[in-house]
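Report on the structure given below.
The values are calculated or read from the model by the stated rules, or taken from the named source; none is laboratory data. Note that the structure is a prediction, hence the values are computed from the model and not measured. So basically every Cβ, Gly included, is an ideal-geometry build from the backbone, and we count neighbours across all protein chains shown. Ligands, DNA and RNA are excluded from the accessible area calculation, which covers all protein heavy atoms including side chains. Shrake-Rupley method; radii C 1.70, N 1.55, O 1.52, S 1.80 Å.
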Amino acid sequence: MKISALQQARYSYNPKLPLILRENIKEIRPVMGQATESATDQEALKQLFPNTYGLPKVSFEKGTNENIGKKMNVGVILSGGQAPGGHNVICGLYDALKNANPENTLYGFKGGPSGILEDKYTIMTDDFINEYRNTGGFDIIGSGRTKLETREQFEVCTQVCHKHDINAIVIIGGDDSNTNAAVLAEYFRAQGENICVVGCPKTIDGDLKNESIEASFGFDTACKTFAELIGNIERDANSAKKYWHFVRLMGRSASHIALECALQTQPNICLIGEEVEAKNQSIEEITNYIANVIAKRAANGDNFGVCLVPEGLIEFVPSLKILIREINDLLAKTEAEFNAIESVNDKIAFVSAKLSAQSAQVFASLPAEIKGQLLADRDPHGNVQVSKIETEKLLIQTVTKRLKEMKAEGTYTGKFSALNHFFGYEGRCAFPSNFDSDYCYSLGYNAALLLSANLTGYLSSVTQLSKPADQWQAGGIPITMMMNLEQRHGEMKPVIKKALVELDGEPFKYFEKNRETWAVETAFTFPGAIQYYGPSEVCDQSTITLKLEHQN
């Protein structure tokens, strides 16, 4: 198979590890900290996880570790959407297991969680693993969105583990996947099974984080990939001087990607969903804000610009959030009847007639195209698939209408021509940045140490990420520490709480301080392509978000 020069060079890149993980692996031991608890719903979670709630945080130090050399068979699962660096998590896990005991075996279950349910796997070898080092994608074993959540599924997992004498499982995924990891760990412990379950924090959206999980892997690479494209568009906009570019970015439940890309590229407008919700803004208010910026720039002769829109914006607009919730509930209750309707217009009429008066009015105000997207197939959780809603096109339509009104009022005299973009898949399988290559390898290597200590129900944690890699701190945190109870399909379920953009956090405050200047002036910055070789200050930098969050 022919490969590119960059791919060949990346195979030989040696990821940087925290200092403690550079020690002889047989001389690294776990150190237990204080007991933990969740931020909310403590009693309820304690009842749901009687065997794994309240466990202590874990760190590592140099010292004798008698358990590390014991023979282990480990299964690894990639769960959910792709994120740059996933291959390196597996590579780090594999190398640590082999360093501990060459007889250790790593089973890669194919196609996500369904792989363990169907007993489909690949046994990792040196030759096999070497073809995936420092590369993007999840094609090493594939991924999937099957949820491990029922007793029947857990029993199948137990049988497959017994069949192959597997005594540990690593689940690489986001908040839902790691919630499932916690439930599976609790099940094994309750059944007296000596099968350890450890998770690794993955999500491009950046919404799986806290003080012990400073960043989810893939976020760095995805943001740098999108920022390069946005910078290219900004340069084009400033060259042609005749288009407004509306760019929708990944991030259903949080606006971390949009904010980071704004910090990297300084666009004229960037909408932050969390701010929209906090200010109870309507589509009309958002439209007026964008139109006023366009008018100010036009008054300076600048009939061009760039506007960033987070993918999940529509769910942060309070009136639309209520509408979407009503539609989700309605379609869950009338699924068969709704699916039997063939015409999109008839589906729209069916839903309109069953909404509350307020939501029916909001629904009626939307373009037919957006209405149809709101009624498209639901995701596995029964929710609208936000990635299919072209919010940037909706805003172009509403802004166009408002600018016409402003022209009639005499408050706008410019020209408005808009182009729309959506950046999503472009970033999911990019070659991981040095940061993600190092971070992911460390997460996998670290996970092996947690497994060797039989620390089930833990998430691999590497912190101090704004510093050079040799100063990173390795350890683990109980997954239950990150949980709360939320309503899913009409029932209260334990889930990992999503981390949203904090409006009093340093990244947003920096953006807020500068956005009025960026709005009127053409202050674009151009990050360029991700750099893999050269000075550390160019190649090894983390996100601006991470730097601002930990600048003190």
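Scanning region 199-234 for residues that are in a helix (DSSP H, G or I) and open to solvent by 10 Å² or more (accessible area, probe 1.4 Å), which turns out nearest to Q473 (Cα to Cα)? Filtering region 199-234 for residues that are in a helix (DSSP H, G or I) and open to solvent by 10 Å² or more (accessible area, probe 1.4 Å), the one nearest to Q473 (Cα to Cα) comes out as F219. A Cβ distance below 6 Å, combined with a sequence gap of six or more or placement on separate chains, defines the contacts here; from region 200-216, residues that are within 17 Å of E549 (Cα to Cα) reach residues that are part of a loop (DSSP other than H, G, I, E, B) and β-branched (V, I, T) in the pairs S216/T203.
This table checks each residue for (1) acidic (D, E); (2) open to solvent by 10 Å² or more (accessible area, probe 1.4 Å); (3) out of contact with any helix residue (DSSP H, G or I) (no Cβ under 8 Å at 6 or more places or on another chain); (4) more than 22 Å from N134 (Cα to Cα).
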position	(1), (2), (3), (4)
T64	no, yes, no, yes
N67	no, yes, no, yes
N73	no, yes, yes, yes
Q82	no, yes, no, no
D95	yes, yes, no, no
L106	no, no, no, no
F109	no, no, no, no
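Sub-6 Å Cβ pairs linking a first residue in region 455-473 that is touching a residue at least 24 places away in the same chain (Cβ under 8 Å) to a second residue that is buried (at least 23 other Cβ atoms within 10 Å of the Cβ) and acidic (D, E), at least 6 apart or interchain, are A469/D438, ordered by first then second residue. Among the residues of region 484-500, those that are at pLDDT 90 or above, out of contact with any Lys or Arg (no Cβ under 9 Å at 6 or more places or on another chain) and not in a loop (DSSP other than H, G, I, E, B) comprise P494, I496.
Here's the yes/no breakdown for (1) at pLDDT 95 or above; (2) farther than 30 Å from K296 by Cβ; (3) of a type in the set (V, I, T):
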site	(1), (2), (3)
T221	yes, yes, yes
I233	yes, no, yes
W244	yes, no, no
R248	yes, no, no
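Residues checked against (1) of a type outside the set (V, I, T); (2) touching a Ser or Thr at 6+ places or on another chain (Cβ under 6 Å):
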| site | (1), (2) |
| --- | --- |
| Y445 | yes, no |
| Y458 | yes, no |
| V462 | no, yes |
| S466 | yes, yes |
| Q473 | yes, yes |
| I477 | no, yes |
| Q487 | yes, no |
| E491 | yes, no |
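Please work out which residue is nearest to N484 (Cα to Cα), limiting yourself to region 501-511 and to residues that are open to solvent by 70 Å² or more (accessible area, probe 1.4 Å) and in a loop (DSSP other than H, G, I, E, B). Step by step, filter region 501-511, then rank; the result is E502.
In region 272-289, the residues that are modelled with pLDDT of 95 or more reach residues that are open to solvent by 50 Å² or more (accessible area, probe 1.4 Å) with C-beta atoms within less than 7 angstrom, at least six apart or across chains, in these pairs: E274/L500; E274/L503; E275/L503; A278/L503; T287/R402; N288/R402.
So which residues in region 235-252 are on the phi < 0 side of the Ramachandran plot, assigned to a loop (DSSP other than H, G, I, E, B) and touching a helix residue (DSSP H, G or I) at 6+ places or on another chain (Cβ under 8 Å)? Give the derivation first.
Residues of region 235-252 that are on the phi < 0 side of the Ramachandran plot, as a first pass: 235-240, 242-250, 252.
Those still in the list that are assigned to a loop (DSSP other than H, G, I, E, B) too: 242-243, 250, 252.
Answer for region 235-252, where residues must be on the phi < 0 side of the Ramachandran plot, assigned to a loop (DSSP other than H, G, I, E, B) and touching a helix residue (DSSP H, G or I) at 6+ places or on another chain (Cβ under 8 Å): Y243, M250, R252.
Counting residues that are open to solvent by 10 Å² or more (accessible area, probe 1.4 Å) and out of contact with any His (no Cβ under 7 Å at 6 or more places or on another chain), which strands (runs of 3 or more DSSP E) fully inside region 375-481 reach at least 3?
Working: elements: 418-423, 458-463, 473-478.
The qualifying strands (runs of 3 or more DSSP E) are 418-423.
The residue pairs whose first member lies in region 427-446 and is at pLDDT 95 or above, whose second member is of a type in the set (K, R), and whose beta carbons are closer than 6 Å, counting only pairs six or more residues apart or on different chains, are S433/K224; D438/K16.
Considering only residues that are farther than 22 Å from I396 by Cα and either in contact with a strand residue (DSSP E or B) (Cβ under 8 Å, 6 or more places away or on another chain) or open to solvent by 90 Å² or more (accessible area, probe 1.4 Å) (or both), which ones fall in region 354-372? Spell out the reasoning first.
Applying the first criterion (farther than 22 Å from I396 by Cα) to region 354-372 yields 354-360.
Within region 354-372, K354, Q358 meet the criteria.
Within region 309-353, the residues that satisfy the criterion of being among the charged types (D, E, K, R), part of a helix (DSSP H, G or I) and open to solvent by less than 60 Å² (accessible area, probe 1.4 Å) are E315, E326, K347.
Would you say G231 is on the phi > 0 side of the Ramachandran plot and not basic (K, R)? Here the answer is no, as G231 does not meet what is asked. For first residues located in region 114-128 and on the phi > 0 side of the Ramachandran plot, partners that are surrounded by 16 or more Cβ atoms within 10 Å (Cβ to Cβ) and part of a strand (DSSP E or B) and lie 6+ apart or on another chain with Cβ distances below 8 Å do not occur. Among residues of region 294-308 being outside any loop (DSSP other than H, G, I, E, B) and open to solvent by 10 Å² or more (accessible area, probe 1.4 Å), the one that is nearest to I396 (Cα to Cα) is A295.
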